[in-house]
Amino acid sequence: MKYHLILIASTLSLLWERFWNRFWPTVSVTLVFAALALFNLPVYLGTGWHLLLLAGYAVALTVTLLRTHSPFSFPSRDDVERRMEHASTLDHRPLQTLHDTPAEGLSDESLSLWQKHLQRAALALGQLKIYTPQPNVASRDRFALRYVAVAFLAIGLAVAQREAGARLYQSVTPDFSSLVDKQTIALDLWITPPAYTQEATVFLATTKQGLVAHDSPLTVPAGSVLKLRLSGLHFAPRLSYAGQKYALTEAAPRNYTLEMPLQQSGTLSLGSWFSRLGQWPLTVLPDTPPTVSITKIEPTPRATVKITYKATDDHGVTKLTGLVAVNGKAYSFNMPPTNSPDDTSYTEDLTANPSAGATASMWLEAEDAVGHKTDSKPVSFVLPERHFNSPLAQKIIAQRKILLAPNMTPDRRAVANTLAGIANNPALYKGDIVVFMSLGSAVKRLIYDSRDEATASTAELLWNVALKIEDSGLSLARRELSDALQKLSQALNDKSTTRAQMQDLLDDVKKKMQQYVQALALNMQQKLQQGQKMPVLSPEMAQKFMKSLDINKLLEQMRQLNQANSREDLQKLADSLKNSIDNLDMDKFNQMQEKQAKEMQELQNLQDIIHRQQSLFDKTNKTGDPSDMKGLQQEQSAIRGELGQSLHKLGDTGTEIPDNFPKADQAMKGSIEALGKGLTQQSLPQQKTALDELQKGLDKAVKKMAEGMQQSLLSFGGMGESGFGEGFDPLGRQNGKTSDEDIKIPDEKERRRVQEIIEELRHRSNEPTREKVERDYIDRLLDQF
């Protein structure tokens, strides 16, 4: 073992000796070049001198390597053993003896002598020493240049320190781009994402800015297009991406272009043989299919279906379809696309489905701009069935069910005869020409057209007729308004929708709103004919309500939002209004109308009390006969009593009583006491105070009620023209006489100024010192306001 260790160490020593004797000039030249690189001299000198320095180093390296008078060879085992014997001062080459073999045919005596000779040679192994290298470089390097190179390198390392590696790399990689005239190159390189992603263009390089810096690695959606415009180079540069090379098109002399779709991730490199114009690692994100799920399906009070769902996509869902399967048939309807991870609600009216009342299955299909489609898991639910209260509507629906009965051939003639009998009795539907024409059309289709399409269209026609009979067409108008709002919402999601198209949709929504309000008015008239009473308001009180109500406010906001191009807010507004209309509970709406009717009646009574108090004030101001005091006192007491009763009834409706009315009551009490003592001049100020407080209290009550009415009407979708009584819409305006285009909404400054004028006119009207002619003129002015 000891012999082998000494042999290995001696071999390495002899190898180093021969290497150093042969390559010390080469190593010295390399150390000098490395020292110059550590001093950063090649970069400092510039590309030209850098190339000359590299060339000089290459020549010196070649010369030193081609030296032939001292060739290099690897040492053999015999060479190493001879050096080991020489270093150990062993004579007669004992190591060679151990490798020798005796000749054949020796005598026993000769073999005995050979064995003794081997034993003496083996004893020499214990005296072996490791051979130490003995190069003869000193005799050839008389000026010790090798030590100068080492010292030079040590100084370079001390200068470069942490930048040593970077400087050594730069010394062997000269910047050829500095030899190219950059001022003559115009480079524009950018990536255009697909239009449906709505993402901004990514610039990699521009003529003015050069390479565009990016804070994070570049990620682009799949389908993006890389575009290049380059001019100024005599030769087309090389472009490679993801390991593949692409040829540029020479559109004109020294002008190159390229358009390339990006479908996979990779590194984009652009350059020529002598320079690199840029390198960019790109990550291409594939377009993933959308995800969609149904959270809950539940019926609404109006027998529609409320669908709560989630639908998301990396770049937005472009189309969302609801599908319903029942009794072996499938039905579909469009839903507004969404891209929110939160629950979204949508209401669909499925009561017209022939299988209403049966168990059905629903699932949603979401589609993105690329065409990826995803279906949600089906959810079972019961199709809501609408129940009609009108006997005539029930009879028509019964005939519709006969036509749509599954697995049966309907008796079309019998159904036609029944419908004809209804049409020939106008008293049943109060002579409504629409109902008459619709029933006549249904009868003719059943008799003269035997196709299945005619049966389906007739069933739809009968459904609409039943709805019109049931609620004067309110359900149809609500459905049309809901559909118009859905189209508006979908258009707002589509960035390609023009302003003109948006205005057309807004106009359609406005038209459907007006039709809906008219249907509300007809529905209210129908209730009046059925015995439900509404208060008859005086023109003065109706005018007070109309001043406080701004039923076109939301339409005006929608118009302004469209002009301002605020699509996000406009869409929220449209979705909110559609949700309110779709979830309208007519029972609650009727209760609201009854409560507001009671409130309006009591406010009308308060207006009458103010008129009586004004009349009493005029009588008191004119009389001077003490005998009239008792009658005036009794009249004041009666007015005060009526005020108490009216306030009590108003409080029963849940309306908040303004504090002005108690103040008016106290003023009336003071007037009664003064009149009882015959003190007319003391009674007049009390009556004036009562008038002022009554008027202020009534204004506050009207305003409060109007705000509540407006809020409830907006919540229920009651937008557009409005009025009271026959020939008027639900808020007191004559049908077809006014429109929102006639209304100018004043700003806050104008409203305050008008209020100040009104207060001043009321103050002057209640001054007893003014002539009656002047006070009558002021009252006429107040009536206009």
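Quantify, in whole percent, the carbon and sulfur part of the accessible surface of the stretch 87-163 (1.4 Å probe; protein heavy atoms only).
56
How large is the accessible surface per residue of the stretch 43-132, computed with a 1.4 Å probe and reported in Å² as a whole number? Intermediate values should be presented prior to the final figure.
Details: 6360 Å² over 90 residues.
Computed with neighbouring chains in place, this is 71 Å² per residue.
Need one number: nm distance between label points at residue 417 and residue 162, each 7 Å from Cα along Cα→Cβ, rounded to one decimal.
10.5
What FRET efficiency comes out for residue 288 versus residue 361 if R0 is 22 angstrom and r is the Cβ-Cβ distance? Round to the nearest 0.05.
That gives a FRET efficiency of 0.25.
Subtract the Cα-Cα distance of residue 649 and residue 106 from 0.36 nm times their separation in residues, and report this length gain in nm to one decimal.
Values: separation 543, 0.36 × 543 = 195.48 nm, distance 15.03 nm.
So the extension gain works out to 180.4 nm.
Determine the relative contact order of the stretch 345-403: mean sequence separation of Cα pairs under 8 Å and six or more apart, normalised by residue count, in whole percent.
Details: 54 pairs, mean separation 19.8, N = 59.
Rounded, it is 34 percent for the stretch 345-403.
Residue 497 to residue 16: extension gain in nm, 0.36 nm per residue of separation minus the Cα-Cα distance?
Numbers: separation 481, 0.36 × 481 = 173.16 nm, distance 8.27 nm.
Separation in residues times 0.36 nm, less the Cα-Cα distance, equals 164.9 nm.
What ³J(HN,Hα) values, in whole Hz, does the Karplus curve 6.51 cos²θ - 1.76 cosθ + 1.60 give for the stretch 152-166 when θ = phi - 60°, with x put for Gly and Pro?
Working through the residues one at a time gives 4, 5, 4, 5, x, 5, 5, 6, 6, 6, 6, 8, 4, x, 5 Hz.
Distance cut-off 18 Å, Cα to Cα: go down the list 430/468; 306/329; 598/696; 663/772; 2/129 and report the pairs above it.
On the way: 430/468 12 Å; 306/329 21 Å; 598/696 20 Å; 663/772 27 Å; 2/129 10 Å.
Exceeds cut-off: 306/329; 598/696; 663/772.
Per residue, how much accessible surface does the stretch 242-329 expose to a 1.4 Å probe? Answer in Å², no decimals. Walk me through the numbers on the way to the answer.
Numbers: 4690 Å² over 88 residues.
Result: 53 Å² per residue.
Between residue 770 and residue 598, how high is the FRET efficiency from 1/(1 + (r/R0)^6) when r is the Cβ-Cβ distance and R₀ = 35 Å? Nearest 0.05.
On the way: r = 37 Å, r/R0 = 1.07.
Rounded to the nearest 0.05, the efficiency is 0.40.
In whole Hz, with x marking every Gly and Pro, tabulate ³J(HN,Hα) for the stretch 47-59 from phi via Karplus 6.51 cos²θ - 1.76 cosθ + 1.60, θ = phi - 60°.
Taking θ as phi minus 60°, the curve returns 5, x, 5, 4, 5, 5, 5, 5, 5, x, 5, 5, 5 Hz for the stretch 47-59.
Testing the spin-label approximation: label points 7 Å from Cα along Cα→Cβ at residue 681 and residue 257. State their distance in nm.
The answer from the label model is 10.1 nm.
Pull out the extension gain between residue 398 and residue 300, defined as 0.36 nm times the separation in residues minus the alpha carbon to alpha carbon distance; nm, one decimal. Walk me through the intermediate numbers first.
Working: separation 98, 0.36 × 98 = 35.28 nm, distance 2.36 nm.
Result: 32.9 nm gained on full extension.
Extending each Cα 7 Å along its Cβ direction at residue 23 and residue 332, get the distance between those two points in nm, one decimal.
7.6
The values are calculated or read from the model by the stated rules, or taken from the named source; none is laboratory data. This structure is a prediction, so every number in the text was calculated from the model and none was measured. Virtual Cβ from ideal backbone geometry, glycine too; neighbours counted across all protein chains shown. SASA here: full protein model, heavy atoms, side chains in, ligands and nucleic acids out. Shrake-Rupley method; radii C 1.70, N 1.55, O 1.52, S 1.80 Å.
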